[in-house]
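The next block holds one structure in the form of C-alpha cells; read it before the comments.
No value in this document is a laboratory result; all are computed from the given coordinates. Not measured: the values here are computed from a predicted model. Glycine gets a Cβ as well: all are built from the backbone with ideal geometry, and neighbour counts include every protein chain shown.
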Amino acid sequence: MKNQSFHQRKIRIQETPKLDFEQLRTRTVNALNKLGQQKFSPEPGGYALENWIKGVDVLLDEFEEKVGAARLTPEYLASRHGLKDRLSKPVSTSSIDEESARLRASLIEIDGEVEAERVQTGSKILGLKAEQARCAADLEKERRQTADSLEIPNTNSFFSRLLGRSRAPAKDPESRISELGMRLASLTNELLVQQQLLKKIDLRSPESQFAEDWKKLDSIQTRLNELETERLDKVQLVKERVELTGSIADAISMIT
C-alpha cells in the first residue's frame with residue numbers, strides 16, 4: 001500500500017511541470033527558515049518535535065525528488081543526515097531545574113513570613129474588636145447605673161452613721177465613666193492602626209514593612225518565568241533547530 005502511494009506520488013510529480021530551480025530553491029530555503037523558528041505546543045498531544053522532523057523530511061524529500069540526486073552536494077547530504085542524530089541526543093535541564101527549585105523555596109519562605117504577619121495582625125484586630133465591644137458595654141452600663149443612682153435617695157440613716165455603719169463611698173462614677181471613655185478611644189485608635197497595617201500588607205504598599213520582600217518576590221517570579229522559558233526552549237531544542245535548518249538552507253543555497 002505504501003509502495004503504491006509513493007508510486008502514485010512520483011507519477012504526479014513527473015506529470016507536474018518542472019519548477020524553475022531558482023524558485024524551488026528559494027521556496028525551500030524560506031520554508032526551512034520558518035520551520036527553524038516554529039514553536040511547539042506545550043499541551044500533551046500537541047505539535048511536537050516528532051511532528052516537526054516529519055515536516056522537515058517531507059519538505060526535503062520533495063526538494064530532492066524535484067532537483068535530482070545528481071545535483072545534491074556532499075555538504076547538503078551531511079547536513080540532512082546529521083539532523084536526526086543531533087536532535088536525538090538527550091537534553092539535560094538539571095541546572096535550570098535546580099535553580100528553579102531554590103527560587104521556589106525562597107518564594108515559599110517569604111510568602112510564609114508575610115502570611116504569618118497577616119495572620120498575627122488579623123488576630124490582633126479580632127482581639128481589639130472584642131475588647132472594644134466589652135469596653136463599650138461597660139461604659140453604657142456605668143452610665144445607666146449613674147443615671148439610676150441619681151434617682152435613689154441616700155439610705156445612710158442618721159443612726160447608721162452614728163453607729164459607724166455607713167458604707168464606704170464608692171468610686172466616683174464620673175471618674176469611672178471617664179476612664180472607660182478614654183480606654184474605648186484608645187482601643188478604637190489602636191484598632192484603626194492595625195487595620196491600616198493589614199491593608200498595607202495586602203495592597204503591597206511601599207510603606208509596608210514587607211516592601212522589600214514584595215520586590216524580592218516579584219524579582220523571583222520574573223526569574224522563574226525566564227527559567228521556564230529557557231527550559232521550554234531547551235526541551236524543544238530551539239537553538240539546535242535554528243542552527244540545523246540554517247545549515248541545510250545554506251547548503252541548498254550553494255547548490256547550482
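Tabulated data for the structure shown
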{"read-out": "Extension gain (nm, one decimal) between residue 225 and residue 73, 0.36 nm per residue minus Cα-Cα", "value": "50.4 nm"}
{"read-out": "Karplus (6.51, -1.76, 1.60) ³J(HN,Hα), θ = phi - 60°, over segment 130-135, in Hz, Gly and Pro reported as x", "value": "5, 5, 4, 5, 5, 5"}
{"read-out": "Phi-based couplings in Hz for segment 241-246 (Karplus 6.51, -1.76, 1.60; Gly and Pro marked x)", "value": "5, 5, 5, 5, 5, x"}
{"read-out": "Exposure proxy ranking, count of Cβ atoms within 10 Å, fewest first, for 39, 66", "value": "39, 66"}
{"read-out": "In order through segment 114-124: 3J(HN,Hα) via Karplus (6.51 cos²θ - 1.76 cosθ + 1.60), integer Hz, x for Gly, Pro", "value": "5, 5, 4, 5, 5, 5, 4, 5, x, 5, 4"}
{"read-out": "Förster radius 25 Å - calculated FRET efficiency between residue 256 and residue 38, Cβ distance, rounded to 0.05", "value": "0.30"}
